[in-house]
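These notes are about the structure you will find just below.
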Amino acid sequence: QFQTEKEFVSSIHDLLASVSLDTEERNFVLIQCEDGYSNHDLISCAKFKMLEILSELKSNLNPNFHILFIVRLLSTRQDSSFSGYCGLPWDSVHIDELRPSHHNLLPNLDIIQNLTVAEIFDYKFTAEHSQQKRLLKSVQAAASRLVDPTNLTNNRKAKRVELLTLILTNPAHSDISEILCDKISYLLQQITLAEYSKDWSLLSSLRDGSQATYPTVIKSLSHSIDAVIEPILRGILGVLDTYQNLNILF
């Protein structure tokens, strides 16, 4: 850890003095940075200082000398204002979440990149009842966007959310919950055959604008999956509760 600019520059000079820079061996300087959002200006300053140091040593450097800034981006942050460091002499590469993303109810990227949206919904991994949990994320949006007859009050929207949440979380209604998940799975399979290919997941999560809103591919993909599931759940819910039939279950 460096407390001052002078300390940082001095440490880099000491490091470079300890290695041979004019050999054909590969040399890397790794600089790890915490929270790229909050420390953006400090990181930019460190980059500038590194270029100054390299300029001083240019005649002694070989092409196999590299500097890597490893910048951590907090996964809990919802917005993504970090734009990376594009432009010569820097290359900016995004490394997505390395840990299993149970909070997004998705398997790892190496698995998910070859699955259709229906297969992602059906995929069984360590998250217990992942289908039900995935549907719970879409309940609020699906119920609130239903257009009810004029004789129903807005209170029905809130009641509908409450009832559907109970169905998906109460073990006493697990049979109904499983039927609902099976139906959505079937409809997703039909949509997949008509609209989505095997590479849908990565194309969807990397489409223009996604990374500006969601800081990782996994988060972007999770949102894209919810956007596919929500209208299907809304349609099913509209049929099920046409005459407030959900009340029959309780």
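The values are calculated or read from the model by the stated rules, or taken from the named source; none is laboratory data. Small disclaimer: the values here were computed from a predicted structure and weren't measured. A quick note on method: Cβ atoms are made from the backbone with ideal geometry, for glycine too, and the neighbour counts reach across all protein chains shown. What goes into the accessible areas is simple: the full protein's heavy atoms, side chains included, and nothing from ligands, DNA or RNA. Shrake-Rupley method; radii C 1.70, N 1.55, O 1.52, S 1.80 Å.
Here are some notes:
- Checklist (1) surrounded by 16 or more Cβ atoms within 10 Å (Cβ to Cβ); (2) modelled with pLDDT under 70 applied to ILE12, failing item: (2)
- Taken over region 141-160, the residue count meeting the criterion of being of a type outside the set (A, V, I, L, M), at pLDDT 80 or above and exposed (fewer than 15 other Cβ atoms within 10 Å of the Cβ) is 2.
- Cβ-Cβ under 6 Å pairs, at least 6 apart or on other chains, region 218-237 side open to solvent by 20 Å² or more (accessible area, probe 1.4 Å), far side assigned to a helix (DSSP H, G or I) and charged (D, E, K, R): ASP226/LYS137
- Within region 91-105, one or more residues are of a type in the set (A, V, I, L, M, F, W, C), in a loop (DSSP other than H, G, I, E, B), in contact with a helix residue (DSSP H, G or I) (Cβ under 6 Å, 6 or more places away or on another chain) and at pLDDT 70 or above.
- All of LEU51, LEU30, LEU68 fail the test of being at pLDDT 70 or above, open to solvent by 40 Å² or more (accessible area, probe 1.4 Å) and under 25 Å from the mean Cα position of the chain (by Cα), apart from LEU68.
One line per residue, one yes/no per condition, for (1) modelled with pLDDT of 75 or more; (2) on the phi < 0 side of the Ramachandran plot; (3) surrounded by 11 or more Cβ atoms within 10 Å (Cβ to Cβ); (4) hydroxyl-bearing (Ser, Thr, Tyr):
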residue	(1), (2), (3), (4)
ILE43	yes, yes, yes, no
LYS47	yes, yes, yes, no
LEU57	no, yes, yes, no
PRO63	no, yes, no, no
THR76	no, yes, no, yes
SER80	no, yes, yes, yes
TYR85	no, yes, yes, yes
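- Taking region 161-186 as the range and being under 26 Å from the mean Cα position of the chain (by Cα) and open to solvent by 90 Å² or more (accessible area, probe 1.4 Å) as the test, the residues that pass are ASP182, TYR186.
- Region 205-245, residues that are modelled with pLDDT of 80 or more and among the charged types (D, E, K, R): ASP226, GLU230, ARG234, ASP241
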